[in-house]
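Written out below as structure tokens is the structure these notes cover.
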Amino acid sequence: MENGALGKVYQDSQVIVRQGEVGDCMYVVQQGRVAVVQERDGKEVPLAVLGKGDFFGEMALFDREVRSSTVRAIGEAQVLTVDKKTLLRRIHEDPSLAFRIVQQMSQRIRELDAELVRMKASVLSLE
Amino acid sequence: MLEEKIGPWRDETASKLELESGSRVAVIGGGPAGSFFSYFLLDMARRLGIDLRLDIYEPRDFSLPGPTGCNMCGGIVSESLVQALAVEGINLPPTVVERGIDSYVLHMDLGSVRIDTPLREKRIAAVHRGAGPRGVKDTKWRSFDGYLLELAMGNGAHLVRGRVTDISWKDGLPQAKIQGGPPQAYDLLGIATGVNTSALKLFEKLDLGYAPPKTTKTYIADFYMGQETVNRYLGSSMHVFLLDLPQLEFAALIPKGDYATLCLLGHEIDRPLVQRFLDAPEVKQCLPPEYRVPEDHCHCSPWINVQGAVRPFADRVVFIGDCGVTRLYKDGIGAAYRTAKAAATTAIFEGISAEDFRRHYWPACRAIRADNALGKIIFAITRQIQKRRKDRGGVLRMVSREQRTERGPRRMSMVLWDVFTGSAPYRDILLRSLHPFFLGRFVWEIIAGIVARIWSINGQKH
Ligand SMILES: Cc1cc2nc3c(=O)[nH]c(=O)nc-3n(C[C@H](O)[C@H](O)[C@H](O)COP(=O)(O)OP(=O)(O)OC[C@H]3O[C@@H](n4cnc5c(N)ncnc54)[C@H](O)[C@@H]3O)c2cc1C
């Protein structure tokens, strides 16, 4: 990676966030790609692949639950950490800073809705 | 004539002043404050379905190397700003960031110590504001200011390449004029000219109640070293010097791509002081042996805002960034972002009258001003530490001990990190440095240093 790439370098398959751990920061992908997976009954369910500019781990900013998924680097990836305290303080001063986080969250809800509709439709067609 | 000077805010019957679709906005100055203001104003307007026409007036061509394309600064984008921008969706690319900084090295006459961030992550960006220093051999990186200006233009801002030479009022609207062009009327003026300009006189003459910031002279120089030498001698650390030199508040050597930027802040930095600094052994050890500062290196003595402007707003006018209120000595680009956002949210959600800016924009400026007052205390304490050998020894011992142990609190390291990088409010830093554990440990390290010194002197005698 270049001298000017910000954040931290993660090697291929290196875990950035582990499901079940307590988190106090969110992450923004600077370069490369990362995979979001959920571990369930010993199996890994792939949820999403994120790229440059995408963020993850933002739920930890607003709730005190453990991480809901594991995130791993796909190839070499450079990821920036955003501290919870720094960010919440800034959002307190300037609530509009949360616009993009809310926008991404609402985008994800839309995608989940679409996924749910697809699943329900396939269940109905089986019946 | 008098009416032209006074402007419309004295008219008590005026209806609410606000931006609506079709409103025209002029932003004077396309440095960080002007570009951030334009970017966020247009972004928020779009979210609300307001269609604005926004012109940014900027005479500089940021794609040119040397003084013509440069807004003269150390080029450190602070940790807090890098994070906030990433959340805003502005991820500074490696084509702009010449070096990610993950640590700093504190140099004193008693020794040097490297301080890593707990996360060991590159969260500070070192950039050039223009396309590089005068005489740059190969422009491998893009200008930071140019990058921000392009972002604003990507959001719909229209660039007017020219210096505003006159501001006047007509029919209750402010007008901006460039050399050779007719005056253009606007609904709102965002003024972001910085302090290194004669334009501030234009605003004083308008009788807006605005008084420009107080400033002092600083010094910046760029030394060509080549990427490999920069890697080897400076690495990805910012090098900070606590030397007992009068007038000097802060000295740093910042690694960039092929260059190292020297940045001296203090009171009226002059040539003899610069020379004394460069001759100091602590500085020489950071440069290759036999390194000679090139005769024709790019250097400048810009003004820095050390006390914010008075009343940086009026009806239809708001001053942002350095020409308004900024942070003392540190994170000026971060303050430009904060004031730009506060001004943009006020203009979009509250209105553009003096009263709107007073109620919703001024608190952001006031918070920075209040924090600067605490910053002054911190810099006064740092100056005392700089002067006293025993205190310098205490700092060095405490930081060295913290850096040797993986776990445990890193009180001094974090206080120094935040003082030097400008990443935290001065209030936080002061509170942490007044904590009894911090003070107790510091006093203990000073005493331990004195005792160790007495022992070694006695040992030498016997
Ligand atoms: C020695 C020194 C080191 C510094 N180091 C750092 C650092 O490492 N990190 C940091 O965050 N901050 C640093 N700063 C502070 C930082 O430079 C400023 O806070 C920042 O540039 C402010 O941005 P601005 O947009 O308000 O003003 P400026 O950057 O000064 O931009 C003003 C713009 O307005 C334009 N302009 C001026 N007059 C007119 C006119 N009449 N018409 C049209 N356009 C006009 C100019 O061409 C310029 O582009 C440093 C400052 C100094 C002096």
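Protein heavy-atom accessible surface, 1.4 Å probe, per residue over chain A: 60 Å². When the alpha carbon gyration tensor of segment A:8-126 is reduced to an equivalent ellipsoid, its three semi-axes come out at 25, 20, 14 angstrom, largest first.
For the protein assembly as shown, the Kirkwood estimate of the hydrodynamic radius, built from every pair of different alpha carbons, is 25.8 Å. Between A:Ser69 and residues 5 or more places away or on another chain, which pairs have amide H atoms under 5 Å apart, with H built 1.01 Å from N, and which residues are they? So A:Ser69 has HN proximity to A:Gly20. Spacing of the modelled spin labels on B:Trp444 and A:Val117, each 7 Å from Cα toward Cβ, amounts to 6.4 nm. Our estimate of slack between B:Trp455 and B:Leu159, defined as 0.36 nm per intervening residue step minus the Cα-Cα distance, is 99.8 nm.
Could the peptides B:197-204, A:55-62 be put in order, highest first, of the mean number of other beta-carbon atoms found within 10 Å of their residues? Display every interim value, and only then the final one.
Numbers: B:197-204: 16.4, A:55-62: 19.4.
My ranking of the peptides, most packed first, is A:55-62, B:197-204.
Shielding of peptide A:5-12 by partners, expressed as the average count of other chain Cβ atoms within 10 Å per residue Cβ, is 5. Three principal axis extents of segment B:281-383 based on alpha-carbon atoms, in descending order, are 60, 34, 19 Å.
Rounded to whole numbers, the Karplus 3J(HN,Hα) couplings from phi for segment B:266-274 are x, 9, 6, 5, 10, 4, x, 5, 4 Hz, using 6.51 cos²θ - 1.76 cosθ + 1.60 with θ = phi - 60°, and x at Gly and Pro.
Report the gain in length on full extension from B:Lys217 to B:Gln247: 0.36 nm times residue separation, minus Cα-Cα distance, nm rounded to one decimal. Mind showing how you got there, number by number?
Working: separation 30, 0.36 × 30 = 10.80 nm, distance 1.11 nm.
Stretched out fully, the B:Lys217 to B:Gln247 stretch lengthens by 9.7 nm.
Considering helices alone, the calculated mean residue ellipticity of chain B at 222 nm is -11500 deg cm²/dmol, with DSSP H runs of length four and up weighted by -39500 (n - 2.57) and normalised per residue.
Roughly what angle does helix B:436-461 make with the longest principal axis of chain B, taking Cα atoms, 0 to 90 degrees, to the nearest 10? The angle comes out near 40 degrees. For chain A, the longest principal axis of the C-alpha atoms and the axis of helix A:99-126 are separated by about 20°. Sequence-ordered 3J(HN,Hα) estimates for segment A:38-53 from the Karplus curve with 6.51, -1.76 and 1.60 and θ = phi - 60° stand at 10, 8, 9, 6, x, 10, 9, 9, x, 9, 6, 10, 10, x, 3, x Hz, glycine and proline given as x. Between helix B:79-88 and chain B there is an angle of about 40 degrees, using the helix long axis and the longest principal axis of the Cα atoms.
Counting lysine pairs in chain A whose alpha carbons fall under 23 angstrom apart, excluding pairs fewer than 8 residues apart on the same chain, gives 5.
Listed cross-link partners B:Lys205/B:Lys330; B:Lys140/B:Lys256; B:Lys177/B:Lys201; B:Lys214/B:Lys376; B:Lys217/B:Lys284; B:Lys16/B:Lys201 are compared with a 19 Å cut-off, the Cα-Cα value being larger for B:Lys205/B:Lys330; B:Lys217/B:Lys284; B:Lys16/B:Lys201. Fully extending the segment from B:Asp109 to B:Asp61, taken as 0.36 nm per residue of separation minus the present Cα-Cα distance, adds 13.1 nm. If you look at the Cα atoms of chain B, you get an Rg and a Dmax of 23.7, 89 Å. Karplus-based coupling profile of segment B:173-181, in residue order and whole Hz: 10, x, 10, 10, 9, 10, 3, x, x, with θ = phi - 60° in 6.51 cos²θ - 1.76 cosθ + 1.60 and x standing for Gly or Pro. Taking label points 7 Å from Cα along the Cα-to-Cβ direction, B:Asp207 and B:Lys140 give a separation of 5.7 nm.
Taken along the Cα-to-beta-carbon direction at a fixed 7 Å, the label points for A:Glu44 and B:Val293 span 5.4 nm.
Amide H contacts of B:Trp141 (H built 1.01 Å from N, in plane; Pro and chain starts excluded): no residue 5 or more places away or on another chain comes under 5 Å. Under a 5 Å amide H cut-off, with hydrogens placed 1.01 Å from N, B:Phe319 pairs with B:Ile191, B:Phe313 among residues at least 5 apart or on other chains.
The values are calculated or read from the model by the stated rules, or taken from the named source; none is laboratory data. Quick caveat, the model's predicted, so the values are computed rather than measured. With ideal geometry, Cβ positions are generated from the backbone for all residues, glycine too; neighbour counts draw on all protein chains shown. Accessible surface areas use protein heavy atoms only, side chains included; no ligands, DNA or RNA. Shrake-Rupley method; radii C 1.70, N 1.55, O 1.52, S 1.80 Å.
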